[in-house]
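Let me begin by presenting the structure, written as structure tokens, before commenting on it.
The values are calculated or read from the model by the stated rules, or taken from the named source; none is laboratory data. Keep in mind that this is a model prediction, so the values were computed, not measured. A quick note on method: Cβ atoms are made from the backbone with ideal geometry, for glycine too, and the neighbour counts reach across all protein chains shown.
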Amino acid sequence: MKGVEIKTLEPYFHIKKGFMAEAREEMRGELLKMAGSLKTFIQSQREFCRPLSFLYLKGEETLKGSLPPDHPQNGQKLPSLTLEEVRREIGDCQMCPLSRGRTNLVFGEGNPRADLVFVGEAPGEDEDRQGRPFVGRAGQLLTRIITAMKLTRKDVYICNILKCRPPGNRNPKPEEIEACEPFLIRQLEAIKPRIICALGTFAAHTLLQTDVPITVLRGKFHAYQGIKLMPTYHPAYLLRNPGAKKQVWEDIKMIMEAIA
Ligand code: URA
């Protein structure tokens, strides 16, 4: 009985085998297509899950790269935001875990139309408590440098790479810099300074996209988006190494000459 059944069904099995191979191929194609759509969907959701205006904060390149090809904002020229708009967009930012440990987000302060912008690393304890950049010991030294330039803190703009304090003032992590950098980009776009002074390694490396040591970078102008950028030692470094003040003053004098 069994044998008869097998014999009778044999042609059917052959057909079925062929059919199965075809179906497998078809299913594989379908799965690949689904994986492709899923990837595009996840990429666009990564943007859409955030407030819409984050699209603007991420910069044109990212916008092009992460939106579906038929998205109406694809390839659009991004509008420039004002500093107030950038601050509004940051809101109660939760883009990285530093948000959970902060007392205040430290956006930056000074002249929204400053010729000179100082960019530091990240808020410390005093800055986190007051919500203002460079107000601790290193900040007081920066204020003295600004005064020596015959300027006031209100003439320049002061901000940081990170807007929230890393715990224990540890170094910023690459992913924190990546999350926060769009804000700085938009701040600099809004201010359009003539000169940027990058204070310390993290500011210089982030803005110049390099890992050349600050000892090599300092002492000459570089370019950030067509803006002159002078890297120099961080005031906190000067507190530990007062001997380096002479070099910082040389860098500052070059800035003063360029602004004059
Ligand atoms: N150090 C920084 O880099 N930024 C501040 O705001 C304070 C200290």
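Before moving on, here are some points about what is shown:
- Within region 188-195, at least one residue is part of a strand (DSSP E or B) and either among the aliphatic types (A, V, I, L, M) or at pLDDT 95 or above (or both).
- Considered as a group, the residues in region 145-181 that are more than 14 Å from the ligand (Cβ to nearest atom) and charged (D, E, K, R) include one that is nearest to Gly108 (Cα to Cα), and that residue is Lys154.
- Failed item in (1) polar (S, T, N, Q); (2) more than 12 Å from the ligand (Cβ to nearest atom); (3) in contact (Cβ under 8 Å) with a residue 24 or more places away in the chain, with Gln130 passing the rest: (2)
- Within region 109-127, considering residues that are in contact (Cβ under 8 Å) with a residue 40 or more places away in the chain and out of contact with any Leu (no Cβ under 8 Å at 6 or more places or on another chain), the one farthest from Ile259 (Cα to Cα): Glu125
- Meets criteria (surrounded by fewer than 18 Cβ atoms within 10 Å (Cβ to Cβ) and polar (S, T, N, Q)) for Thr215: yes
- Condition check for Ile195: out of contact with any Lys or Arg (no Cβ under 8 Å at 6 or more places or on another chain) and either free of Cβ contacts under 8 Å to residues at least 60 places away in the same chain or more than 13 Å from the ligand (Cβ to nearest atom) (or both): no
- Just one of the listed residues (Lys154, Lys163) is assigned to a loop (DSSP other than H, G, I, E, B) and either within 15 Å of the chain's Cα centre (by Cα) or without any contact (Cβ under 8 Å) to a residue 12 or more places away in the chain (or both), and it is Lys163.
- If you go through region 208-248 and pick out every residue that is aliphatic (A, V, I, L, M) and part of a helix (DSSP H, G or I), you end up with 9.
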